[in-house]
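**Student:** Let me begin by handing over the structure; questions about it come next.
The values are calculated or read from the model by the stated rules, or taken from the named source; none is laboratory data. Just so it is clear, the model here is predicted, and its values are computed rather than measured. In this analysis, Cβ positions are derived from the backbone assuming ideal geometry, glycine residues included, and neighbour counts consider all displayed protein chains.
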Amino acid sequence: MIRVVPALLLVFSLLLPQPVWASSASAGLDPDRNDGASLPLGRLPERDRPSSSAPVPAPAFRLTPPSAPEVTDAGVFKPETFTLPNGLAVVVVPNHRAPIISHMVWYQVGSADEPEGKSGLAHLLEHLMFKGTLTVPDGVFSRTIAANGGNDNAFTSWDYTAYFQNIAKDRLELVMQMEADRMTSLALTDDQVKSEKEVVLAERQQNTENEPITRLGEAIRTAQFVHHPYGRPIIGWPEEIGTLTREDVLAFYRTWYSPANAIVVISGDVTAEEVRPLAEKTYGTLAARPVPLRNRLHEPQIDAERRVTLRDAGISQPVLMRGWMAPSWRSGDRAQVVPLQVLAEVLGGGPTSRLYRRLVMDLRLATSVDFDYNPMALDRSTVSLSLGPAPGRDTNIVEMALEAVLKDLLSNGISEAELNRARKRLVDGAVFARDSVQGPAYLFGMTLATGGDVSDIEEWPKRVMAVTNEEVMAAARTLFSQKGFVAGELEPELSISAPAAGTPEPLQPAQGVQ
């Protein structure tokens, strides 16, 4: 299953709930993955070659604290934007490093917009969008992209559904024409819907039911959002997936898939001047159609701590997880968003982060630690933490050590060196993101589809640079003072073996005794 999380998205801590990807849409060429293998890792400095064969001593390790990062360039990507008369928004992010483009269509609808009792509908529709129209039959879309040297896929989250193609610049009009066609002309049969439901159920079985850590995350999410639709899985509950019909899919499609509810983002070797006539020729011919307001239930404040324990015989090492409610760009205290991003980098930003150094390197209580925050949500967001206890370590001791680290943070704060290091890493990530073609298309689409605007991206490095120690600590105190967080634990399930040979049978009650 392909995932596309380029550099700046990692900077924005996009490990919160991951979107669900269509398994039927891949054209065979993987775009950037989210495992970091394709991200720029920096370049080694040029060194003078030694004049002799004598070994060159390694440079001394510098203990100098990092200085405050500097941001001198205005904006990150410098996008160009326009809107067609039918309401379709277009964002163009020029990147002339190579004659290729990444074309994405973002619909402002996701699994949180599904009718009650029909979970998985948005994701099922995503799969079925590849089943064709009268002019582009079943399977022809992806085969055409592949035949022209490109790759395509799609993914669904709680707040959006997106479709993308990475292809040569001179194939842009072809891509736009096919996307415009399926925006309003999807044709489905009952057999196609039935078959794709089986695909989705198999996808859930493989990626959720067979993955204990994913099941724990799903259970934590359900406990965290007890009323809001963010609490149901994007892929849907299996019992409800099985009841979805062709009529359900088409009603959802006709309600939400409209030019006025779509954002087209094109990143690569193009300009808005080149894109506008193509957009008018393809998307511009579609009729405008209004869409309903996205009315969401509000999540009540719960002050009771909740604990979720999942036992599975297939694991050998436990995992600890914890989740807190947090603001997003659109919901909650917006002023705390960037300070929380800096805090997440201080606590969980790699092997130099506070949690890793203390729990993994100093105390040897854990083998891994992640601390993540993603503010890109239409409603409230979350902060998540996960710990992998070291073999043989008691999970209660590990949890007590975690509490001690967080208490020390709240009591003594963070140092200027930690603050500068975190800000520098975040700002550097924004600079590296300029090298990506698909990354900007992903970032602008996700930001705009969740209620943000272009300035949230273009001004982000300056906002990071302006964050103060006091603002980070204020955000930390707000976050960790919550009483209603959710704690989760994944434990090995102890098997009950048969009694060994020679073991006396347990006493049985006398006959007739109840």
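**Student:** Looking only at region 235-293, which residues are among the β-branched types (Val, Ile, Thr) and within 30 Å of residue 119 (Cα to Cα)?
**Tutor:** 235, 241, 243, 245, 249, 255, 263, 264, 265, 291, listed by residue number.
**Student:** Of the conditions (1) touching a Gly at 6+ places or on another chain (Cβ under 9 Å); (2) within 29 Å of residue 226 (Cα to Cα); (3) aliphatic (A, V, I, L, M), residue 366 clears all except one; give me its number.
**Tutor:** (2)
Listed here are the residues, each with its yes/no results for (1) outside the structural domain of residue 257 (by TED's automatic domain parsing); (2) over 30 Å from residue 380 (Cβ atoms); (3) hydrophobic (A, V, I, L, M, F, W, C); (4) under 16 Å from the mean Cα position of the chain (by Cα).
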{"residue": "117", "(1), (2), (3), (4)": "no, no, no, no"}
{"residue": "133", "(1), (2), (3), (4)": "no, yes, no, no"}
{"residue": "139", "(1), (2), (3), (4)": "no, yes, no, no"}
{"residue": "154", "(1), (2), (3), (4)": "no, no, yes, yes"}
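**Student:** Determine which single condition residue 411 fails, assuming it passes every other condition in (1) surrounded by 13 or more Cβ atoms within 10 Å (Cβ to Cβ); (2) farther than 29 Å from residue 157 by Cβ; (3) hydroxyl-bearing (Ser, Thr, Tyr).
**Tutor:** (1)
**Student:** Right, something else. Looking at the structure I just gave you, is residue 303 touching a Lys or Arg at 6+ places or on another chain (Cβ under 7 Å), within 25 Å of residue 215 (Cβ to Cβ), in contact (Cβ under 8 Å) with a residue 40 or more places away in the chain and of a type in the set (D, E, K, R)?
**Tutor:** no
**Student:** Let me ask another. Would you check if residue 260 is farther than 17 Å from residue 102 by Cα and loosely packed, with under 15 Cβ neighbours inside 10 Å?
**Tutor:** In short, no.
**Student:** I would also like to ask the following. Among the residues of region 309-343, how many are of a type in the set (Val, Ile, Thr) and at pLDDT below 95?
**Tutor:** Total meeting the criteria: 1.
**Student:** Just checking: which of the helices (runs of 4 or more DSSP H) contained wholly in region 81-195 hold 2 or more residues that are at pLDDT 95 or above, touching a Leu at 6+ places or on another chain (Cβ under 9 Å) and crowded, with 24+ Cβ neighbours inside 10 Å?
**Tutor:** The helices (runs of 4 or more DSSP H) meeting that bar are 121-128.
**Student:** Look at region 431-469 and say how many of its residues are surrounded by fewer than 22 Cβ atoms within 10 Å (Cβ to Cβ), of a type in the set (Gly, Ala, Ser) and not in a loop (DSSP other than H, G, I, E, B).
**Tutor:** Of the residues in region 431-469, 2 are surrounded by fewer than 22 Cβ atoms within 10 Å (Cβ to Cβ), of a type in the set (Gly, Ala, Ser) and not in a loop (DSSP other than H, G, I, E, B).
**Student:** I'm trying to understand the selection: among the residues of region 381-397, which are of a type in the set (Val, Ile, Thr) and surrounded by fewer than 20 Cβ atoms within 10 Å (Cβ to Cβ)?
**Tutor:** 395, 397
**Student:** Could you please let me know if residue 422 is at pLDDT below 95, outside the structural domain of residue 163 (by TED's automatic domain parsing) and of a type in the set (A, V, I, L, M, F, W, C)?
**Tutor:** When the stated conditions are applied, residue 422 does not pass them.
**Student:** Only one of 365, 320 is in contact with a helix residue (DSSP H, G or I) (Cβ under 9 Å, 6 or more places away or on another chain), in contact (Cβ under 8 Å) with a residue 60 or more places away in the chain and closer than 20 Å to residue 487 by Cβ. Can you tell me which?
**Tutor:** When all the criteria are applied, what remains is 320.
**Student:** In region 205-225, what residues are touching a strand residue (DSSP E or B) at 6+ places or on another chain (Cβ under 9 Å) and either small (Gly, Ala, Ser) or under 29 Å from residue 295 (Cα atoms) (or both)?
**Tutor:** Of everything in region 205-225, those that are touching a strand residue (DSSP E or B) at 6+ places or on another chain (Cβ under 9 Å) and either small (Gly, Ala, Ser) or under 29 Å from residue 295 (Cα atoms) (or both) turn out to be 215, 216, 217, 219, 220, 221, 222, 223, 224, 225.
**Student:** A follow-up question, please. If only one of 311, 307, 294, 322 is surrounded by 15 or more Cβ atoms within 10 Å (Cβ to Cβ) and either more than 18 Å from residue 161 (Cβ to Cβ) or in the same structural domain as residue 437 (by TED's automatic domain parsing) (or both), which one is it?
**Tutor:** 322 is the lone residue from the list that is surrounded by 15 or more Cβ atoms within 10 Å (Cβ to Cβ) and either more than 18 Å from residue 161 (Cβ to Cβ) or in the same structural domain as residue 437 (by TED's automatic domain parsing) (or both).
**Student:** Just one of the numbered conditions (1) surrounded by 20 or more Cβ atoms within 10 Å (Cβ to Cβ); (2) in a helix (DSSP H, G or I) is not true of residue 378; which one?
**Tutor:** For residue 378, the failing item is (2).
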